[in-house]
Amino acid sequence: MLKPRIIPSLLIQDNGLVKTVNFKNPKYIGDPINAVKIFNEMQVDELVIFDIDKTVKNLEPNYSLIQRIANQCRMPLCYGGGVKTAEQAQRIFSLGVEKIAISSAALANPELIVEIANRVGSQSLSIVLDVKKKNFGGYEVYIRNGLRATGVNPFDFIKKAASLGAGEIIINSIDKDGKMQGFDKELLNKSRSCCTLPMTFIGGARNLEDIKEIISLQKIVGVAAGSLFVYKGKYKAVLINYPTKEEKEYLFK
């Protein structure tokens, strides 16, 4: 039976771990391998890693780094960044990554969802939608690290991705990214109502109470966070952290 998942979301740029605010001004915070080792010790539910350079710069995924991360990782690992073909997805999957995340490529060519799902299985394919609220109401999907609007309605694309064989939807709120001011619950509720696939929400978590609220509202869901699990205190000192077993039991009540 599926249970709620609490998921650290890590960003990589130039092979280093970074953190952004509203997808801008990446700040270097450490070595991704060290972060993975610490999260291993904390027995996290799952880890999501996005390489934010690869699609913007039209680069291949860094297979060597992905393999190093996968070799260290003792929890389910989802990787996204620069994947444009089913062959690339299969190669990454063969390195020990459990799930492949695609975004821009899926929006440009939705049939890629079918191709990758056929290669690695639907359960191993996540579709990432970076979503921003429009000035006059509604939401829109953005690509290239939030730099380019697509005109795509996220709720329509969730339904389309589900029909083509996606195994999971990851909703990433650009407006809430890195601000630690709470989740966009309207976006989350509308997204969740579109399909029955496993779904993960990223963007806005400021404390464990925010995570508990989303789990209470949505029940079986993945709740991911970046800043919450790499910063500590009001001055945002870099400190890898994660809920204890007792805290997780409280969150799931």
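The values are calculated or read from the model by the stated rules, or taken from the named source; none is laboratory data. What you are looking at is a predicted structure, and each value in this text was computed from that prediction instead of being measured. Glycine gets a Cβ as well: all are built from the backbone with ideal geometry, and neighbour counts include every protein chain shown.
The table below lists the values:
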{"item": "Residue identified as modelled with pLDDT of 95 or more and within 18 Å of G121 (Cβ to Cβ) among I92, I12, I7, I49", "result": "I92"}
{"item": "Only one of G96, G82 that is farther than 19 Å from I202 by Cα and either part of a helix (DSSP H, G or I) or touching a Pro at 6+ places or on another chain (Cβ under 9 Å) (or both)", "result": "G82"}
{"item": "Tally, over the range 224-253, of residues that are at pLDDT 90 or above, within 24 Å of I12 (Cα to Cα) and either assigned to a helix (DSSP H, G or I) or not hydrophobic (A, V, I, L, M, F, W, C) (or both)", "result": "9"}
{"item": "Leading residue by the ranking (nearest to the chain's Cα centre (by Cα)) among those in the range 137-156 that are part of a helix (DSSP H, G or I) and surrounded by fewer than 21 Cβ atoms within 10 Å (Cβ to Cβ)", "result": "F155"}
{"item": "Residue count, the range 19-68 (criterion: in contact with a Leu (Cβ under 6 Å, 6 or more places away or on another chain) and under 16 Å from G82 (Cβ atoms))", "result": "6"}
{"item": "Condition met for E186 (outside any loop (DSSP other than H, G, I, E, B), surrounded by fewer than 16 Cβ atoms within 10 Å (Cβ to Cβ) and at pLDDT below 95)", "result": "no"}
{"item": "Residues (surrounded by fewer than 18 Cβ atoms within 10 Å (Cβ to Cβ) and either touching a residue at least 60 places away in the same chain (Cβ under 8 Å) or among the charged types (D, E, K, R) (or both)) located in the range 99-114", "result": "E111"}
